[in-house]
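Encoded as structure tokens, the structure appears first; notes follow it.
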Amino acid sequence: MSAELRGKTALVTGGTSGIGRAVVEHLAEVGMQVAFCGRDAERGASVAAASGASFIRSDATDRDDCDRSVEQAASLLGGRLDLFVGCAAMIFAAPLGSTPEPIFRELVEVNLTATFRYSRACFEVMRRQGRGVITHVVSDAALRGIHHIPAYSVTKAGVLALSETLAAEAAPHGVRVNAICPGAVFPGMQTTPEGYEHHAEDASTWGSAPSGRHGTGRDVSNAVLWLASEAAAHVSGATLRLDGAAGVATRGVSRA
Amino acid sequence: MSAATTRRVLVTGGTGAIGGAVVERLRTEGAEVVFSGRNLTRGAVLAGRTGATFVPGDVRESGAVAAIVAEALGVLRGLDGLVLATGILHRSPLSETTDDAWDALMETNVVAPFLFARACLDALSDGGGAIVAIASGAADWPEAELGAYSVSKRALLWMTRMLAVEGATRGVRSNAVCPGHTAAGMGSIVDRATPGDGMSPPVPPSGAHTTASEVAEAVAYLLSDAAGGSTGATLSVDGGMLAALRAVRVRQ
């Protein structure tokens, strides 16, 4: 399934860390031409050097940056876009009652609005081509809210609805849109509001999934590749839960 | 619902069709009601007819939510119920949705309810309060022609669930009502806003569009002690629309 993707083009947001980085590396590994966005110039340069993908410095909170990065990607990729993978996101852990208004707005902007704006721009290119694939890396928080990250859960639920709705709109134009909902993945999200960085850095307190481990970026990038392949030609509007069975049922816990 | 259980309620978006029906419904059983909204004429008429207190305000203006809540808490001297009926609709597929339209939907349908809920949580916690948000059938089953609206309503639905979890330890319940296409509600705004294709909004298996008073009944129930075991729930009032792919559109 990877051979058919060789030489095809992809744009990945949030590609400098976590899942996005794994996706960039995997797509480049199978021979795709990849452009990726991220805020951190140093991390971006190191991912670019290791993978051969092209780094575009872009901050998802900055709309001009986003618009510019899509234009830049189009020129880097020769005007053709076969795959868009939306990974850029921000996490915040606090009850809604103590989530500051500016942070709530930032979560809406980064997780929801930027994903919408990138998807709208990429769909425009793909509609002209008459084909293309859009894959949103969402979260299991969009399938069932996660209590300690409520504002994040709210915005991710919105992204899942965005993915479904765009799938319905895009299908007649030969463009497929799907969502991947990973459970806990390590290394995880590094993009947190200033002062809250510790939320994402340490997996020592995470419980493992029933599968006995955490997800990895490679788990997600494997799904991205499959969804981009012809094997998934009729898959659109789908949600792929990717969590080692963590979220499908309540579980009894044995205590020693 | 007994008036004793939901004595003091703030209804946001009370000058809209559904919000207005909620105000009327709660007043018939003697609840003290403050409602907010943008439409001054409708607000004054509704206040005059029902005896509810109208607080004009546009939730997209900075500081408006805080001002509305402060005035409501002052008038009601506390709060037992919060009904989030503020909402706008925009008819456009996602690819044709402008930044301005997107922002208006997110601000009005997602950020404003967050600000209202956050501002009211402490007051609601005092005596076992309840939040009811008016989401939409489109939250569950998005409509491609209402792209950004569907996204905003999914986010709002999720917010009611997250508030349910958060409120559970504070005695606050939080639930959502998902109306189908509501006669004289958002459905009519759609038709006014853009030239239609001559087709009705989807008609559910029941054969009739939802009415605002049916939605108000569901809201009153979820606010009441009769619904004391329900939190984080979604109550569809849609004539069976979401039950299956049975909705039809008819040429008008």
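Computed over the stretch B:133-188, the range of Cα coordinates on each principal axis works out to 39, 21, 12 Å, biggest value leading. What's the longest uninterrupted piece of chain A once you rule out the chymotrypsin sites (Phe, Trp or Tyr not before Pro) that are loop residues per DSSP with at most 16 other Cβ within 10 Å? That would be A:1-195.
For the stretch A:79-122, run through the trypsin sites (Lys or Arg not before Pro) and keep only the ones in DSSP coil with at most 16 other Cβ atoms within 10 Å of their Cβ. Walk me through the intermediate numbers first.
On the way: sites: A:Arg80, A:Arg105, A:Arg117, A:Arg120; in loops: A:Arg80.
Those that pass, being in a loop and sparsely packed, are A:Arg80.
The GNM of chain A, with springs linking C-alpha atoms under 10 angstrom apart, assigns the highest mean-square fluctuation among A:Gly31, A:Gly217, A:Gly18 to A:Gly31.
Can you give me the span-like helices of chain B, meaning DSSP H runs with 24 Å or more of Cα extent along the axis and Kyte-Doolittle mean at or above 0.0? Don't skip to the end; give the middle numbers.
Details: long enough: B:147-168 (32 Å, 0.41).
Those that pass (Cα extent of 24 Å or more, hydropathy at least 0.0) are B:147-168.
Under the membrane-span-like helix rule (DSSP H runs whose alpha carbons stretch at least 18 Å along the helix axis, mean Kyte-Doolittle hydropathy -0.5 or higher), chain A yields A:150-170.
Please give me, ordered by residue number, the GluC sites (Glu not before Pro) of the stretch B:61-154 that lie in loop per DSSP and have at most 14 other Cβ atoms within 10 Å. Working shown, then result.
On the way: sites: B:Glu61, B:Glu71, B:Glu96, B:Glu107, B:Glu143, B:Glu145; in loops: B:Glu61, B:Glu143, B:Glu145.
The qualifying sites are B:Glu61.
Computed over chain A with a Gaussian network model linking Cα atoms closer than 10 Å, the most mobile of A:Gly20, A:Gly132, A:Gly145 is A:Gly145. Multiplying the residue separation of B:Thr28 and B:Ala183 by 0.36 nm and removing their Cα-Cα distance gives an extension gain of 53.6 nm. The C-alpha radius of gyration of the stretch A:2-245, expressed as a fraction of 2.2 N^0.38 Å, stands at 0.93. Helical content of chain B, expressed as a calculated mean residue ellipticity at 222 nm, amounts to -12500 deg cm²/dmol (DSSP H runs of 4 or more residues, -39,500 (n - 2.57) each, divided by residue number, nearest 500). For chain A, adding -39500 (n - 2.57) for each run of n ≥ 4 DSSP H residues and dividing by the number of residues yields -12000 deg cm²/dmol at 222 nm.
At q = 0.08, 0.09, 0.12 Å⁻¹ the log10 of I(q)/I(0) for the protein assembly as shown amounts to -0.50, -0.63, -1.07, computed by Debye summation with a single uniform scatterer per C-alpha, solvent ignored.
Simple point charges give the picture: +1 on the Cβ of Lys and Arg, -1 on the Cβ of Asp and Glu, and for the stretch A:2-245 a dipole about the Cα centre of about 680 debye. For chain A, modelled as a GNM whose springs connect Cα atoms under 10 angstrom apart, the maximal fluctuation among A:Ser153, A:Ser236, A:Ser204 occurs at A:Ser204. Distance from a point 7 Å along Cα→Cβ of A:His147 to each backbone N in the stretch B:206-237: keep the residues under 17 Å and list them by number. Hits in the stretch B:206-237 for A:His147 at 17 Å: B:230-233.
With the radius of gyration and the Kirkwood radius both derived from the Cα set of chain B, what is their ratio Rg to Rh? Each step should come with its number before you reach the end.
Numbers: Rg = 17.1 Å, Rh = 18.0 Å.
Over the Cα atoms of chain B, Rg/Rh equals 0.95.
Between B:Asp100 and A:His173, the modelled labels are 2.2 nm apart [label points 7 Å from Cα along Cα→Cβ].
Out of all DSSP beta bridges with both ends in the protein assembly as shown, state the antiparallel percent to the nearest 5. Intermediate values should be presented prior to the final figure.
Details: 2 of 57 bridges.
Expressed as a percentage, antiparallel bridges in the protein assembly as shown total about 5.
Values in this text are rule-based calculations from the coordinates and carry no lab data. Values in this document were obtained by computation on a predicted structure and should not be read as measured data. Note that we place each Cβ from the backbone using ideal geometry, even for glycine, and neighbour counts take in every protein chain shown.
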